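For reference, the structure is listed below as structure tokens.
The values are calculated or read from the model by the stated rules, or taken from the named source; none is laboratory data. In this text, all values refer to a predicted model and were calculated from it rather than measured experimentally. Quick reminder, even Gly has a Cβ in these numbers, built from the backbone with ideal geometry, and neighbours come from all protein chains shown.
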Amino acid sequence: MARFIATSIDLPTVENSAITMIRSGSKLYSICEFQGMHKAYFYWQIEFNNTFPIKVRGLNRPQIDISPWDGTNYRVRLTVTHKGQSRYLEADNTVIESIEKQVSLEDVGGSANLDTFSFDSSKRDELISSVAARFKLDQNQDHAHNAIITFLLDSKETTQDDHLPAYEAIKRGLNHPLYHVRKSSGLRKVENSDFFIRDFLMLHTQGGESARDPITLKGISIRDGAINSKFQEEFDLLVDEINDQNFDAGLRTDVSYFDQLAHRDGLQLIPRAASLNQFMGATMSHVSVRGNTIESNGALQGIFASDGAFRNLHITHNRIRTAGAHTISIAGMLSGKIDGNIITSSNGGPTPKATLYPLRIGGGANIKILSFANNAGVSPGDDNYYEYEAIEGDQEIEDLRRVKPLVNRGTATYWHDVDLPRLQQLYPATYAHVKRLSQWPHEIPRAWDRMMQQVGVKA
Amino acid sequence: MIKIYPSCGIFGLIALLLLSAPAMTSASPLYDLGNNWYKMSASVSFRSDNTYRDRVSLYANPQTVSGQTVRGVFKPIPDYLKAAVFSMQTVNPFRAVFSEVQAAYQRGQLNNCPFVGIELPLNQENQSREWLISAPVKICLSGSYQRSREPGSHVWLLQRNAQGRYQVMLESAGLVQVIDDPTAEYKQLRTRVYNFHLNPANQQACGYGSVSWSYRGGRYWPVQMFPKINGCERTMAHFNEMQRIQQVEKSLLLGLKQITGQSVKRSENGSLVY
């Protein structure tokens with residue numbers, strides 16, 4: 001335990017300003033509970049040898065991953081802002097070490113509040129055998145991973161207190177994010193967390209955002225603590241045993257470990273507007289993503305959007321460190337700004353740049369739009385005007401919005417001069433028709449193609 | 001020779017005893033996994049603060065799907081074993097491939113690196129002793145946790161023979177499996193050989209080979225390999241799947257040549273031909 005020394009006090013008297021510091025390994029946990037100061041913002045600086053390598057802004061119970069922890073000389077500076085007023089506190093290792101008791105994570109949560117799993121051995125055998133058999137046939141990572149996650153959820157015995165929201169979220173659906181936000185008021189419930197299984201936050205706008213009423217995701221600290229968790233350990237053990245079943249099957253891939261789990265995003269953006277959804281090219285407007293921290297030692301994608309259109313999207317001054325292939329990856333960005341984001345790789349591999357891709361519609365139909373046709377009378381600035389504009393900002397970007405890959409190994413088709421409003425009119429009928437074609441799957445691409453021929457030119 | 005494996009019940013009891021009554025003696029400071037299992041699978045995950053989680057799964061017989069998992073069996077190894085791992089007197093065919101690890105040790109960069117291990121008999125002979133040793137080499141060198149590109153730990157299988165000479169039987173990373181082949185003098189080994197170990201300077205190196213090793217003529221030889229293209233989606237984006245697998249296999253075979261000192265080819269069923 002350590003009591004911070006207040007060196008300047010800007011606030012009126014705040015009771016119970018003791019901050020309990022718990023150091024567990026390389027993590028410095030604050031369980032500071034300023035009485036009456038819930039929803040306060042905390043701004044931390046950890047100083048080693050006169051440098052400030054770590055700055056963290058967060059809500060309520062921040063925790064700081066200090067890596068590497070040199071354990072000797074350091075100074076912690078903390079600014080707490082509550083209701084517009086700030087309180088500055090600082091302490092150094094001499095203060096902390098004198099009263100700090102090194103406590104393990106188990107002590108933080110209490111031994112009864114850890115994630116534990118209890119397996120029915122016959123069901124476990126059955127899972128390993130069935131997943132291995134299916135993977136041998138389809139080598140589909142998603143199928144294998146989803147089966148493992150489902151099994152682990154069913155086998156969970158006790159839950160660490162602060163992991164409960166993540167488990168509740170994933171039980172609603174295997175792709176459910178920790179936070180599913182539909183409008184700006186929904187952001188109030190977002191708290192920093194270091195444990196989530198799929199996305200941390202999915203912003204699923206409903207339309208109606210405007211320059212006057214923008215949505216801003218800011219100051220969120222996302223640390224991917226599921227990597228190296230008990231959940232991951234059990235997940236990876238199952239993966240090893242599944243792969244073992246197929247050791248000499250000659251497969252080109254193994255089931256990947258948890259750190260390579262697909263479809264995990266720090267912040268995912270999904271547009272919806274009135275009757276249009278993202279697969280019909282709905283547009284998200286006036287969203288700003290700034291000053292967030294996203295860190296993962298796994299393949300977590302940083303800021304990600306794969307479907308629909310994005311107008312006046314600002315992605316600025318975020319700090320992203322991940323081992324994933326996508327740090328900032330937006331398909332369908334029409335206009336906006338990408339600037340001042342600090343992107344690094346957490347695995348020593350090449351650091352991917354911020355990348356923009358063509359607008360994608362149709363979901364699995366995988367229709368990608370390289371350019372648009374606008375009707376006479378529609379002008380830049382109108383809601384139904386579509387154009388890939390130059391992106392503001394100094395960020396180095398790989399702009400692939402108008403690029404058809406030289407080698408197309410997937411099912412994607414690429415289209416020029418697409419009349420998107422017209423496409424949105426035709427889409428529901430085509431979609432309904434496609435659903436009826438489930439008995440004739442070879443007809444489905446032809447149905448999509450017919451619709452696209454009416455609104456654009458195949459590239 | 002016909003070998004009879006213990007029944008699952010007895011095996012479960014053994015696993016339970018292993019959990020509850022660690023075999024710690026002054027003569028044998030490390031856990032001894034004994035021989036009463038068909039297959040053993042072990043891995044150690046380290047964190048950047050040098051704490052670690054280990055797990056050993058023991059399989060009673062070839063039909064066992066889920067192993068009996070025991071944890072907390074890896075313990076810090078005595079200094080003489082660590083010294084033996086890096087001694088130039090120790091026979092180590094992997095020294096050239098993992099030259100960076102050797103160099104790091106010589107520079108003293110692994111002085112504070114935690115080395116943990118278990119005793120793991122690889123044959124029925126009582127004259128030799130073997131240990132499975134693990135250390136977070138990359139973490140010790142970089143100070144950061146690099147799970148995705150680097151499996152959690154570096155591993156060595158070290159043997160001291162009847163004459164007191166040491167030999168590294170296997171050096172690898174991540175998961176190690178040991179399989180009791182009743183027809184063979186020594187147990188069979190399985191590991192992954194990672195391309196970025198074979199080409200540490202190449203940021204694009206990806207994929208790995210799942211490799212079986214068999215003992216012959218005083219050392220282990222790779223006898224079967226299955227190349228895997230996991231992790232190659234990004235670095236080999238311009239290749240199709242067949243080209244990726246060819247690239248990964250080519251690089252792995254070159255690496256195995258470096259380890260064995262002989263040219264190696266891979267047949268359709270994964271067998272390696274010298």
(request) Would you mind stating whether A:PHE196 is assigned by TED's automatic domain parsing to the domain that holds A:ASN146, assigned to a helix (DSSP H, G or I) and within 13 Å of A:PHE258 (Cβ to Cβ)? (result) no
(message) Anything in the stretch B:179-211 that is more than 12 Å from chain A (Cβ to nearest Cβ), surrounded by fewer than 19 Cβ atoms within 10 Å (Cβ to Cβ) and either closer than 22 Å to B:LEU132 by Cβ or in contact with an Asp or Glu (Cβ under 9 Å, 6 or more places away or on another chain) (or both)? List them, or say none.
(response) B:ASP181, B:PRO182, B:ALA184, B:GLU185
(request) Working only within the stretch A:132-151, note down all residues that are more than 18 Å from B:ASN230 (Cα to Cα) and of a type in the set (A, V, I, L, M). (result) A:ALA133, A:ALA147, A:ILE148, A:ILE149
(message) All but one of (1) within 14 Å of another protein chain (Cβ to nearest Cβ); (2) without any contact (Cβ under 8 Å) to a residue 40 or more places away in the chain hold for B:PHE86; state the number of the condition that does not hold.
(response) (1)
(request) Filter the stretch A:254-267 down to the residues that are surrounded by fewer than 22 Cβ atoms within 10 Å (Cβ to Cβ) and outside any helix (DSSP H, G or I), then identify the one that is farthest from the other protein chains (Cβ to nearest Cβ). (result) A:HIS263
(request) Go over the candidates B:SER41, B:SER87, B:SER45 one by one and state the one that is within 16 Å of B:HIS154 (Cβ to Cβ) and out of contact with any Phe, Trp or Tyr (no Cβ under 6 Å at 6 or more places or on another chain). (result) B:SER45
(request) Have a look at B:GLU185, B:GLU171 and point out the one that is in contact (Cβ under 8 Å) with a residue 40 or more places away in the chain and more than 20 Å from B:ALA42 (Cβ to Cβ). (result) B:GLU185
(message) Which residue is surrounded by the most Cβ atoms within 10 Å (Cβ to Cβ), if the candidates are limited to the stretch B:96-111 and must be touching a residue at least 40 places away in the same chain (Cβ under 8 Å) and out of contact with any Gly (no Cβ under 8 Å at 6 or more places or on another chain)?
(response) B:VAL101
(message) Of the residues A:TRP448, A:TRP440, only one is assigned by TED's automatic domain parsing to the domain that holds A:GLY308, more than 14 Å from A:ARG360 (Cα to Cα) and aromatic (Phe, Trp, Tyr); which?
(response) A:TRP440
(request) Output the residues belonging to the stretch B:235-246 that are within 7 Å of chain A (Cβ to nearest Cβ) and touching a residue at least 12 places away in the same chain (Cβ under 8 Å). (result) B:GLU241, B:ILE245
(request) With the condition kept exactly as written, say whether any residue in the stretch A:235-251 is in contact (Cβ under 8 Å) with a residue 24 or more places away in the chain, in contact with a Gly (Cβ under 9 Å, 6 or more places away or on another chain) and either within 21 Å of A:SER296 (Cα to Cα) or in a loop (DSSP other than H, G, I, E, B) (or both). (result) no
(request) Can you tell me which residue among A:THR430, A:THR351 is buried (at least 17 other Cβ atoms within 10 Å of the Cβ), at pLDDT below 95 and of a type in the set (S, T, N, Q)? (result) A:THR430
(request) Please tell me if A:ARG212 is away from chain B (no Cβ under 14 Å), in a loop (DSSP other than H, G, I, E, B) and surrounded by fewer than 21 Cβ atoms within 10 Å (Cβ to Cβ). (result) yes
(request) Search the stretch A:268-301 for residues being under 30 Å from A:ALA429 (Cα atoms) and of a type in the set (Val, Ile, Thr), and hand back the single one that is farthest from the other protein chains (Cβ to nearest Cβ). (result) A:THR283
(message) One residue is enough: does the stretch B:107-120 have a residue meeting the conditions within 14 Å of chain A (Cβ to nearest Cβ), at pLDDT below 90 and within 29 Å of B:ARG234 (Cβ to Cβ)?
(response) no
(request) Search the stretch B:212-234 for residues being closer than 15 Å to A:ASP254 by Cα and in contact (Cβ under 8 Å) with a residue 40 or more places away in the chain, and hand back the single one that is nearest to the chain's Cα centre (by Cα). (result) B:MET225
(message) Checking B:VAL178 against (1) closer than 17 Å to B:LEU256 by Cβ; (2) in contact (Cβ under 8 Å) with a residue 24 or more places away in the chain; (3) in contact with a Ser or Thr (Cβ under 9 Å, 6 or more places away or on another chain): exactly one of these is not met. Which one?
(response) (1)
(message) Given the condition surrounded by 20 or more Cβ atoms within 10 Å (Cβ to Cβ), touching a helix residue (DSSP H, G or I) at 6+ places or on another chain (Cβ under 9 Å) and more than 10 Å from chain A (Cβ to nearest Cβ), answer yes or no: does some residue in the stretch B:41-50 qualify?
(response) no
(request) Give the number of residues within the stretch A:168-193 that are closer than 18 Å to A:LEU261 by Cβ and either basic (Lys, Arg) or in a helix (DSSP H, G or I) (or both). (result) 4
